[in-house]
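Some notes on the structure that comes next.
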Amino acid sequence: MSVAKKEYKKVTVKSLVDMKKNGEKISMLTAYDYTMAKILDGAGIDVLLVGDSASNVMAGHETTLPITLDQMIYHASSVIRAIDRCLVVVDLPFGSYQGNSRQALESAIRIMKESGAHAVKLEGGSEIEQSISRILTAGIPVMGHLGLTPQSIYKFGTYTVRAKEEEEAKKLKQDAKLLEELGCFALVLEKVPAKLAKEVAQELSIPVIGIGAGNGVDGQVLVTHDMIGMTHEFHPRFLRRYLDLYQEMTGAFESYISDVKSGDFPSKKEQY
Ligand code: KIV
């Protein structure tokens, strides 16, 4: 069964804005490697995010902070080699853009040049205004990211819902407007109240893509390894699991181990 709309032969930043105008929701998931990206692109995903969540999912770090620019480029170039249709957005990792706008531009250029990606994503609002502007002047499309911004986890202290209080909600709305005015082509809103996210999506003409931000936004993003149940210790309310691969894979690995130990594998048919 395939319900993916594949009207866009190639998804571009302009396609996403058109999707919002036409009321078509945008589908986005993460990918960090060639094989997963190939399956996702073939299924009709609109956007693949080479997220710095690779730091947790692929490398086992507790936070997204340790991943480097070189490692993000490695993941992004593996994803780019797999895709035909979708738009590929790459996170600028912690420490590669907060220094100054020149550092931000150099990091974004490295990602575009060395991986072949189509756009970059940065976490933050007014604090990184100059960095976003400078990247945009080089013709590099920028996706914003507000709400829970995991690169600032040590400032927040927890991964709980953001912008529940009026003051923080007001700042988030101002930042969202600023990102649109600067020229960002889309915005990720992570773990904020659904009502606030809906208001932001209605006020902006650029698409707002939510994760834990309710159904009133223009698209959804999840971490692929979470939604297919490969990671099994993470149960936030916003996560819908479509598979339980942790169980399935454990079963397959146990069968293989048992077949090897018993001498059942390989059989006569499986040898030369
Ligand atoms: O790194 C990531 O996977 C992300 C998504 C959670 C939006 O930024």
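A few comments on the model shown:
- Hey, Gly124 within 16 Å of the ligand (Cβ to nearest atom) and not in a loop (DSSP other than H, G, I, E, B) or not: no
- Count of region 211-225 residues which are touching a residue at least 60 places away in the same chain (Cβ under 8 Å), more than 10 Å from the ligand (Cβ to nearest atom) and among the β-branched types (Val, Ile, Thr): 0
- In the set (1) of a type in the set (A, V, I, L, M, F, W, C); (2) out of contact with any Asp or Glu (no Cβ under 8 Å at 6 or more places or on another chain); (3) open to solvent by 60 Å² or more (accessible area, probe 1.4 Å); (4) more than 27 Å from Ser15 (Cβ to Cβ), the condition left unmet by Phe94 is number (2).
- Test: residue in region 170-184 that is over 21 Å from Gly23 (Cα atoms), open to solvent by 10 Å² or more (accessible area, probe 1.4 Å), acidic (Asp, Glu) and assigned by TED's automatic domain parsing to the domain that holds Ile73: yes
- Near pairs, Cβ below 6 angstrom, 6+ apart or cross-chain, from region 36-55 (open to solvent by less than 10 Å² (accessible area, probe 1.4 Å)) to any residue that is assigned to a loop (DSSP other than H, G, I, E, B) and among the charged types (D, E, K, R): Gly44/Lys6
- Tally, over region 222-242, of residues that are open to solvent by 90 Å² or more (accessible area, probe 1.4 Å), at pLDDT 95 or above and not aromatic (Phe, Trp, Tyr): 2
- Residue in region 182-189 that is closer than 22 Å to Ile140 by Cβ and part of a helix (DSSP H, G or I) present: yes
- Test for Ser255: is it away from the ligand (no atom under 16 Å from the Cβ) and in contact (Cβ under 8 Å) with a residue 24 or more places away in the chain: no
The values are calculated or read from the model by the stated rules, or taken from the named source; none is laboratory data. Because the structure is predicted, anything quoted here is derived from the model rather than measured. Positions of Cβ are generated from backbone atoms using ideal geometry, with glycine treated the same way; all protein chains shown enter the neighbour counts. Just so you know, the surface numbers come from the protein's heavy atoms only, side chains and all, with ligands and any DNA or RNA stripped out. Shrake-Rupley method; radii C 1.70, N 1.55, O 1.52, S 1.80 Å.
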